[in-house]
């Protein structure tokens, strides 16, 4: 296993760390990933709702949605730096046209992104799980063992991305397994296989990172100033990088992602220290009050 | 939006205020929180905790139970058996009720046993499950000695062990809450254990005041008063730490609960302190000439006893409301993405400076 993870319990059976690179610049919002995931993993239906949020009727990740395609509609002003759209002359022409028609200068931009469990390097869900149900696989992914999960729900608010959730019918927690069963048979996860544009790419993490760096260069050269990689490496984020990382065209919060996620368990030494000082003060105080003074 | 200001090109659909605040490196330090941050249709970023109200009750009962163990031990050591017996019963009953509340939240008893499959220091819930189990066992031994006079040495060892474990049982729940992505809980991680410790001390003392005849409840009254005072100070420190992020703790239902908790704790503390002082006066009189002293003070003593008990009930209610205010304020802070995004944006901006 590579890419910052140090799991030494597999005794030679471990695999190179795998993951997803989701290039949102080529996502077309077809939701084939959502469907493939549900089909392969037997994930139950979780309501046929109309949310009013563009074409997104899934809403977000949850116990019964392990892939979620976000649809962001933006009115985008046409800046001169907007190199993808054409020449200065074309811009001037369009600006003039907009003036004549009396409309705002701008055009619709539709951002789409397929979200999934990040399979963090420092995974709070795994650390706070009291039963050992959540574990790190030989592929470096984070998986819930359903026969052990007791539905305590601690991992749910521990996750900085809101990925995990409790399934109503059985009270246990379910999430993306990065198709653990398929990985063991050298198959790629269902969502990646179904993706028609290669927006979801599966592979060894270090290779994916190299691919992502190249793709970012291409987009920046083409004049996409908002393009950036999210959670692609160990530094610059509080989860030590992720097994599933993204190329985004706008700030993470626009897609419903946290701009600076941290592993909640990272503060544990400090928090335990405060707790033991408080417990010590409680013990000293109650014994002092109990042994001093009148009955 | 018009014109080609490249800094303001993109606009999230879900942005409520219509502004797209961008943190700029080298900007002025902002003293007032910025406008609503951008979000995905106002959807939460993190998932709301799914814990049932039983968990809020458990925080209160477990805290009270834990702090009752040192009370039982010291009262027993001093030969104040009226108090020691009641505190011992509280530890055993409290441990039982705590376990029942957790089982209720989990759905079925076997699921609690799964907690004892492993021991993980990185999981405050794992540590807490073991502490609760060990506390229940040792407190039971201690109570057997106290109530039935059996197992004099093992029982004493049990009492001592329960007194050491009790304060951890009272406070680990603060670590549990703080070790999440929930903005209010995580930000309060340094003060929350002290809030829980103080509130547990106050509640344990207050319950013993209610249950114990006044002549034997001096220790309990001092605990209740000291705990109530410490709780008010700790909550104040937590409020100061949270700053604007403490908003969910000051508005809506959690805000009402928090204000009521402060009021009840303060009033209850004063009532127990004042009523208790009169009571001490009575004890002194009773000592040097109890017949005349009691005759003169009987009416006063009855009234002060009532004041202490009413004050103790107010402290208990205040402690319960404080736990629920914190519990629900955390949930509210998870629901609104601004509490997640804004501190993270500020962190990013601070790093870039």
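No lab work stands behind these numbers, since they all come straight from the coordinates. Quick caveat: nothing in here was measured; it's all calculated off a predicted structure. Ideal geometry is used to build each Cβ from the backbone, glycine not excepted, and the neighbour counts take in all protein chains shown.
Details
- Nearest-ten-degree value, helix A:205-221 long axis tilted from longest Cα axis of chain A: 40
- Within 10 Å of the Cβ of each residue in A:120-132, the mean number of Cβ atoms contributed by other protein chains is 5.
- Every pair of different Cα atoms in region B:47-179 enters the Kirkwood calculation, which places the hydrodynamic radius at 14.9 Å.
- Distance from the alpha carbon centroid of region A:227-256 to that of region B:97-159 works out to 43 angstrom.
- Shielding value for A:145-154 is 6, the average number of Cβ atoms from other chains within 10 Å of each residue's Cβ.
- Potential extension, residue A:50-residue A:75 segment - 0.36 nm per residue separation minus Cα distance: 6.7 nm
- Degrees between helix A:32-41 axis and first principal axis of chain A (Cα, 0 to 90, nearest 10): 30
- As an equivalent ellipsoid, region A:198-266 spans semi-axes of 21, 16, 10 angstrom, where each value is the square root of five times an eigenvalue of the C-alpha gyration tensor, largest first.
- The listed peptides B:336-345, B:313-322, A:217-226, ordered by packing as a protection proxy, come out as B:313-322, B:336-345, A:217-226 (highest mean of other Cβ atoms within 10 Å first).
- 10 Å Cβ neighbours from other chains, averaged over peptide B:197-205: 3
- FRET efficiency for the residue A:217 to residue A:28 pair, using the beta carbon distance and R₀ = 22 Å, is estimated at 0.45.
- Ordered by the number of other Cβ atoms lying within 10 Å of each residue's own Cβ, fewest first, A:233, A:185 fall into the sequence A:185, A:233.
- In this simple spin-label model, placing a label point 7 Å from the Cα along the Cα-to-Cβ direction at both residue A:109 and residue B:100 gives a separation of 5.9 nm.
- Distant alpha-carbon pairs in chain A (separation over 26 angstrom), percent: 52
- Spacing of the two label points (7 Å from each Cα toward its C-beta) at residue B:157 and residue A:235, in nm: 5.5
- Spin-label pair residue A:35/residue A:181, simplified geometry with 7 Å Cα→Cβ offset, distance in nm: 2.0
- Compared with the dominant principal axis of the Cα atoms in chain A, helix A:268-291 is inclined by about 30°.
- In terms of surrounding Cβ atoms within a 10 Å radius of their Cβ, B:104, A:175, A:31, A:214 rank from fewest to most as A:214, B:104, A:31, A:175.
- Difference of contour (0.36 nm per residue) and Cα-Cα distance, residue B:253 to residue B:347: 30.9 nm
- Extension gain, residue A:168 back to residue A:135 (0.36 nm per residue minus Cα-Cα distance, nm): 9.6 nm
- When peptides B:210-218, A:244-252 are ranked by their average number of other Cβ atoms within 10 Å per residue, the highest-first order is A:244-252, B:210-218.
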